[in-house]
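Beneath this line is the structure, given in structure tokens, with notes to follow.
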Amino acid sequence: MEMQQTDDARDVLGKIGDSWVWVLSFSILTLILGVMVMAWPHATVKLVALLFGLQLFVGGVFALVRAFTNSGEGSRVLLAVLGVLGILVGIFVLRHLFQTVVILVLLLGVYWVLHGVIEFFVAIDHKGVPGRGISITMGILSFIAGIIVLSWPAPTLLVLVWVLGIWLVAYGLIGIVGAFMVRRAVKAVAA
């Protein structure tokens, strides 16, 4: 009996997932989100920082509560420290949204610089490996991108938001076209 219900639920969800209306709805929402990101890039940055801060704060509260449960036994001190740290960092992020985002962008820049240097020298060291030239090029590009991010973090952040917005708009438009293609294919099969 339980297997029959699972199969029925899977069939219903499968039909919904294959529906061109579902694809169209998701694509329209993605397109709208992309337009909103591009229309309000500063608000998007603040929203991401706000959500990040809330996640840290709530995660800290959960870790702190877990320290006092049976599942936290043996790790109470570590969970309590993690909880307090999450709460404090969450509060800091919530009080200083823009600074938090700039710090994250700077960390991204440092990562790209280090990634670029490491990838470049690993590729140089491995002579005769297929794709070596691409690895060297990617290392150089990563290094340059990291330097740009570190030199101009705030403008880079807005560019990244714009790239995200453009990507969401393009993804939404492609999805809308795909939904109508699925609709046409379903009609052709039904005919």
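The values are calculated or read from the model by the stated rules, or taken from the named source; none is laboratory data. Since the model is a prediction, treat every value here as computed from it, not as a measurement. Positions of Cβ are generated from backbone atoms using ideal geometry, with glycine treated the same way; all protein chains shown enter the neighbour counts.
Brief remarks follow.
- One residue from LEU56, LEU108 being closer than 20 Å to LEU164 by Cβ and of a type outside the set (Gly, Ala, Ser): LEU108
- Filter result (exposed (fewer than 15 other Cβ atoms within 10 Å of the Cβ), at pLDDT 85 or above and over 19 Å from the mean Cα position of the chain (by Cα)) within region 149-172: SER151, TRP152
- Exactly one residue out of VAL21, VAL61 is farther than 23 Å from LEU164 by Cβ and at pLDDT 85 or above: that is VAL61.
- Qualifying residue in region 116-123 (condition: surrounded by fewer than 15 Cβ atoms within 10 Å (Cβ to Cβ) and aromatic (Phe, Trp, Tyr)): yes
- Contact map, region 116-134: first residue free of Cβ contacts under 8 Å to residues at least 60 places away in the same chain, second residue among the aromatic types (Phe, Trp, Tyr) and assigned to a helix (DSSP H, G or I), Cβ cut-off under 7 Å, separation 6 or more or different chains; pairs are GLY116/PHE143; VAL117/PHE143; PHE120/PHE143.
- Selection from region 27-40 of residues that are over 11 Å from ILE166 (Cβ atoms), part of a helix (DSSP H, G or I) and over 16 Å from the mean Cα position of the chain (by Cα): SER27, ILE28, LEU29, LEU31, ILE32, MET36, ALA39
- When every residue of region 86-98 is checked against the conditions, none turns out to be of a type outside the set (Ser, Thr, Tyr), surrounded by 13 or more Cβ atoms within 10 Å (Cβ to Cβ), within 30 Å of PHE180 (Cα to Cα) and touching a residue at least 24 places away in the same chain (Cβ under 8 Å).
- Subset of region 61-110 [outside any loop (DSSP other than H, G, I, E, B), more than 30 Å from ILE147 (Cα to Cα) and aromatic (Phe, Trp, Tyr)]: PHE62
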